[in-house]
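Let me begin by presenting the structure, written as structure tokens, before commenting on it.
Read the figures in this text as sums done on the coordinates, not as results from a lab. Keep in mind that what you see is a predicted model, and the values were worked out from it rather than measured. Glycine also receives a Cβ, built like all others from the backbone with ideal geometry; neighbour counts cover every protein chain displayed.
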Amino acid sequence: MSRITLLLGALAMTVLAAFAGAGTASAAADGRSAFVAQAREAGLSAGKAAGLQAKVDAYLTELAGTGTQVSPNQIDLNGAMLNVAVPGEKQPRQLGETGTAAEGPNAAECVSGARYGWFCAYKYQGFTGDNIGMYSCGWARTIPWFTVGSWDNNQTAGTRPLLTFTNGSTWSMPGARSSQTTGVDWAPVRNIQPC
């Protein structure tokens with residue numbers, strides 16, 4: 001083959017790759033706009049819906065591909081659900097379908113404390129703010145905030161979550177039923193394995 005044929009082939013591949021990338025970016029943008037539309041259908045103003053999507057997008061970036069947005073304010077973490085509060089609200093609430101089974105987890109699992117069978121980590125003290133509801137064992141969940149928050153362990157009696165710090169040390173948390181409503185410094189926490 002001549003050099004010109006090789007160069008034209010490489011150029012064609014580059015153009016095709018660019019169009020494929022644009023298609024992926026377009027699909028992601030379409031998904032985000034669908035979630036914003038669902039938030040608007042749930043009664044949020046255009047500004048609140050856009051602000052909520054900006055918070056979700058920031059979490060998706062922070063989580064670097066380990067989560068999938070499944071509703072206007074929820075990110076599925078494969079055995080856990082990150083529930084995001086609407087800007088200006090103290091706690092998350094269910095907006096739209098979760099994209100999981102009808103009996104699957106929803107934003108209410110961690111409102112004002114964990115429901116039975118759950119471990120919940122809260123961004124802020126007093127079981128408020130965005131939260132991660134963990135319901136499946138075996139996976140360590142990244143804590144994506146650096147605030148002073150709270151946690152609630154309402155898993156089966158005696159179940160002890162394992163907290164791993166950024167320096168590599170660990171802490172076997174108190175067994176269920178236990179909680180800490182104030183003073184949880186999330187900054188040095190890398191992740192939590194609920195059971």
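Before moving on, here are some points about what is shown:
- Förster-model FRET efficiency, 22 Å R0, Q125 and R177, C-beta, rounded to 0.05: 0.70
- Between A187 and R93, the simple spin-label model (points 7 angstrom out along Cα→Cβ) gives 3.3 nm.
- Centroid-to-centroid separation of region 148-195 and region 44-59 [C-alpha atoms, Å]: 29
- Summing charges over all other residues whose Cβ lies under 12 Å from the Cβ of L63, with Lys and Arg as +1 and Asp and Glu as -1, gives -2.
- Positive contributions from Lys and Arg (+1) and negative ones from Asp and Glu (-1), summed over other residues with Cβ under 14 Å from the Cβ of P174, come out at +1.
- What the Cβ-Cβ distance of T164 and K55 gives, at R0 = 30 Å and to the nearest 0.05, is a FRET efficiency of 0.75.
- Most tightly packed first, judged by the mean number of other beta-carbon atoms within 10 Å of their residues, the peptides 168-174, 80-86, 49-55 read 80-86, 49-55, 168-174.
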